[in-house]
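Only one structure is covered here, and it is reproduced in the block below.
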Amino acid sequence: MTQPALAQTTAPTITKDMIVQHGLTHSEYEKIRSLIQREPNLLELGIFSVMWSEHCSYKTTRMHLSKLPTKAPHVICGPGENAGVIDIGDGQAAIFKIESHNHPSFIEPFQGAATGVGGILRDVFTMGARPIALMNALSFGHPSNSKTRRLLTGVVSGIGHYGNCVGVPTVGGECRFDPAYNGNILVNAMAVGLADADKIFYSTAAGVGNPVFYVGSKTGRDGIHGATMSSAEFDENTEEKRPTVQVGDPFAEKLLIEACLELMATDAIICIQDMGAAGLTCSTLEMADKGDLGIELALDKVPMREPNMTPYEIMLSESQERMLMVLKPERVELAETIFRKWGLDFATIGILTDTRRMVLKMHGDVVCDLPVQPISGAAPQYDRPWQPTPQRKAISVDDIKRDTDVGVALEILIACPDIASKRWIWEQYDHMVMNDTVARPGGDAAIVRVHGTSKGLAMTTDVTPRYCKADPVEGGKQAVAESYRNLISVGAKPLAITNCLNFGNPEKPEIMGQIVGCIQGIAQACRALDYPVVSGNVSLYNETHGKGILPTPTIGGVGILADLSRRCGMSFTDEGDSILVIGATQGHLGCSLYLREVEGRDEGAPPPVDLLIEKRHGAFIRNMIELGLLRACHDVGDGGLLVAIAEMCFAHDLGAELALPEGVEPLSYGFGEDQGRYVLAVSDAFRDEVLIAANQLNIPITDLGMVSGNQFSVAGLTRIPLEHLKAVHECWMPGYMSN
């Protein structure tokens with residue numbers, strides 16, 4: 001078939017500066033010229049630039065991501081689609097993913113965070129799921145930084161605004177502060193949805209001659225080159241990038257969700273794809289490439305909200321709340337009726353062809369003619385040089401200040417920004433809308449009822465960046481293991497993870513070493529724990545003026561509770577219950593919050609993660625919860641054992657009377673961050689049964705004391721009124737935000 005000639009235009013000749021501005025290297029540009037056998041025009045250059053960006057092509061990480069385990073009997077769809085899909089029984093599936101919106105949120109925090117929520121919701125409902133929950137993982141600069149308070153306010157407002165308006169509960173997440181994020185915050189958004197397992201929708205185009213439909217909101221000039229911007233470092237011109245941030249409309253998204261789900265209840269859809277990063281460019285190319293087809297678009301048919309938009313602006317716009325779909329010809333009228341009913345645009349903008357080319361026309365003139373596969377599938381892959389992170393020396397008990405008061409240290413830790421209550425954040429989110437939220441924010445994992453059943457989905461987000469910086473492999477393992485423990489703690493069976501890999505500039509060998517190491521650790525943990533990766537996102541170049549963030553591979557974990565009546569909370573509920581600890585405590589203080597917050601040092605190796613122990617301890621805890629033997633369960637994480645026990649006291653204002661084992665060093669025992677540990681509250685009726693069961697399995701278990709009174713007491717070391725300790729925990733963030 002003869003290809004139509006490109007229209008003659010007055011577009012400028014491509015220059016070296018234009019290539020650099022589009023985020024392409026000279027060698028990448030030469031590869032483009034070789035692939036298409038001519039010079040690209042400006043529109044074609046823009047298309048290649050977004051599709052070959054790190055954000056869309058994973059050109060640096062693809063070869064390493066291939067090492068992650070992605071299959072299991074319960075995995076219906078792993079990485080490669082809009083979101084991951086897992087079987088949760090009874091003909092139902094959970095669909096979920098986490099993604100970053102870091103750069104947009106630093107430039108314009110409200111809209112950046114809001115559209116991050118909107119984008120992740122579309123990834124989920126595009127595949128046929130009704131979204132049932134949102135989570136987020138936030139990393140901000142040091143509280144003393146001049147921008148931190150403004151950025152935190154904007155991000156939390158944006159998340160709350162979009163989620164609350166669209167009517168999906170935000171049920172949990174995490175928030176940390178560190179100087180490494182002063183110039184580049186992280187906003188990772190996760191969404192979970194429910195669908196019938198036999199009604200999953202994919203993005204593979206089919207049927208030569210089938211029309212291509214645009215639905216949703218109109219296209220504007222917002223978000224142009226958002227994908228390219230997300231793959232670049234920040235500098236003094238960052239504020240000038242504000243026009244690359246999208247503008248969201250949660251009410252339009254709600255209409256789009258309902259219209260799409262109504263249409264999905266019919267047999268009309270052949271394939272469907274949301275317009276996320278790179279907008280119309282990415283959605284059309286990926287759809288055609290997966291189907292081994294070509295696509296022809298009439299850009300003047302695209303619904304536009306601004307006059308005189310150019311083909312370049314139309315194709316690269318990242319305006320929100322838009323979808324692309326291919327429909328069965330006999331069902332087009334039905335589809336149009338549905339979308340018109342919901343007040344959304346519905347337009348035929350193209351057709352599938354057998355040419356394997358993308359042909360774009362504007363008022364009948366061909367303005368772009370490119371082969372599909374090289375753009376979508378032939379992006380360069382880089383095996384960038386990397387160097388391992390140097391091993392740190394272990395911290396011993398002799399290396400710490402042993403005269404520090406245990407009570408003073410506990411108060412410092414419980415009030416530090418990373419551990420202090422985040423109630424100020426989550427109270428701005430509607431976490432009860434839809435009326436299926438069972439476990440609210442503030443616990444180890446959120447739980448949402450599978451509507452109309454006694455089952456529940458548990459979900460969490462986790463990572464400890466300071467561990468990942470010190471030892472990327474152990475840090476990657478620990479991030480997965482902590483998410484696993486959080487799901488176990490509520491009684492859920494961990495099923496699968498999604499990940500959002502946030503790193504600095506991969507062209508620096510030490511940063512690339514962090515990326516390789518963390519992925520290696522994640523892969524090891526997922527294999528050992530039978531906990532596969534089903535979706536994810538990579539965010540690189542999180543740097544400003546050459547200063548990168550901490551390596552932050554956020555893990556979003558999802559698990560299933562077969563019977564919600566057997567779920568377990570983390571808070572003490574009854575006086576007299578025994579406080580038991582599962583797991584050995586060696587007092588590992590390397591990379592600990594104790595060392596950082598109390599002694600002002602960032603030193604030592606992180607605690608090692610024994611994955612076999614994690615699996616054994618997790619199985620034991622789940623069994624105890626299923627048997628109804630535990631009153632409460634909380635995993636031990638940041639701050640160590642005493643911090644974990646204090647957190648269990650607050651919800652019901654019940655204190656703890658503790659006695660540390662004889663001969664231990666109190667500071668390392670109380671605040672060491674050894675892995676694989678859980679704190680349990682057990683009634684007298686079941687105490688011996690739990691102890692015997694643990695001993696029979698050779699699982700370390702220690703009786704530390706009992707739930708009692710209104711004091712937090714460690715015999716011979718400290719006694720703090722619980723009311724005071726709770727106030728210290730609750731007051732930091734409201735006080736900080738009110739200044």
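The values are calculated or read from the model by the stated rules, or taken from the named source; none is laboratory data. These figures come from a predicted structure and were not determined experimentally. Cβ: placed from backbone, ideal geometry, glycine included. Neighbour counts: every protein chain shown. Just the protein is used for accessible areas: all its heavy atoms, side chains included, with ligands, DNA and RNA removed. Shrake-Rupley method; radii C 1.70, N 1.55, O 1.52, S 1.80 Å.
Quick look at the numbers
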quantity	calculated
First in region 526-551 and more than 21 Å from THR61 (Cβ to Cβ), second anywhere and of a type in the set (Lys, Arg) and surrounded by fewer than 22 Cβ atoms within 10 Å (Cβ to Cβ), Cβ under 9 Å, 6 or more apart	ALA528/LYS615; LEU529/LYS615; ASP530/LYS615
Residue in region 307-321 that is open to solvent by 20 Å² or more (accessible area, probe 1.4 Å), in contact (Cβ under 8 Å) with a residue 40 or more places away in the chain and among the aliphatic types (A, V, I, L, M) present	no
Near pairs, Cβ below 8 angstrom, 6+ apart or cross-chain, from region 92-111 (farther than 24 Å from LEU194 by Cα) to any residue that is of a type in the set (Lys, Arg)	HIS103/LYS241; ILE107/LYS241; ILE107/ARG242; GLU108/ARG242; PRO109/ARG150
Meets criteria (part of a loop (DSSP other than H, G, I, E, B), farther than 25 Å from VAL397 by Cα and modelled with pLDDT of 95 or more) for LEU725	no
Search result, residues across region 388-398 that are touching a residue at least 12 places away in the same chain (Cβ under 8 Å) and open to solvent by less than 100 Å² (accessible area, probe 1.4 Å)	PRO388, THR389, ARG392, ALA394, ILE395, VAL397
Residue check for LEU629: closer than 20 Å to PRO700 by Cβ, in a loop (DSSP other than H, G, I, E, B), open to solvent by less than 30 Å² (accessible area, probe 1.4 Å) and modelled with pLDDT of 95 or more	yes
Residues of region 289-301 classified as surrounded by fewer than 22 Cβ atoms within 10 Å (Cβ to Cβ) and hydrophobic (A, V, I, L, M, F, W, C), total	1
Positions within region 576-601 being among the acidic types (Asp, Glu) and under 19 Å from LEU658 (Cβ atoms), in sequence order	ASP577
Filtered residue count, region 316-360, keeping only those that are β-branched (Val, Ile, Thr) and either part of a helix (DSSP H, G or I) or within 23 Å of ASP249 (Cβ to Cβ) (or both)	4
All positions within region 407-420 that are part of a helix (DSSP H, G or I) and either more than 22 Å from GLU730 (Cβ to Cβ) or open to solvent by 10 Å² or more (accessible area, probe 1.4 Å) (or both)	VAL408, GLU411, ILE412, ALA415
Residues within region 173-230 that are on the phi > 0 side of the Ramachandran plot and not in a loop (DSSP other than H, G, I, E, B), tallied	2
Cβ pairs under 7 Å, 6+ apart, first in region 259-275 and within 22 Å of THR219 (Cα to Cα), second surrounded by fewer than 16 Cβ atoms within 10 Å (Cβ to Cβ) and of a type outside the set (S, T, N, Q)	CYS271/ALA206
Test: residue in region 453-462 that is buried (at least 24 other Cβ atoms within 10 Å of the Cβ) and assigned to a loop (DSSP other than H, G, I, E, B)	no
Answer residue from region 423-441, given it is in contact (Cβ under 8 Å) with a residue 24 or more places away in the chain and either on the phi > 0 side of the Ramachandran plot or in contact with an Asp or Glu (Cβ under 8 Å, 6 or more places away or on another chain) (or both) and is surrounded by the most Cβ atoms within 10 Å (Cβ to Cβ) among those	MET434
Enumeration of residues in region 661-712 that are among the charged types (D, E, K, R), open to solvent by less than 60 Å² (accessible area, probe 1.4 Å) and out of contact with any Leu (no Cβ under 9 Å at 6 or more places or on another chain)	GLU665
Helices (runs of 4 or more DSSP H) completely within region 20-126 that count 1 or more residues being farther than 22 Å from ARG322 by Cα	26-36, 42-51, 54-57, 62-65, 102-107
Residue match in region 653-660 (condition: part of a helix (DSSP H, G or I) and either closer than 18 Å to VAL406 by Cβ or open to solvent by 20 Å² or more (accessible area, probe 1.4 Å) (or both))	no
Selection count, region 422-473, where residues are aliphatic (A, V, I, L, M) and over 30 Å from LEU68 (Cα atoms)	6
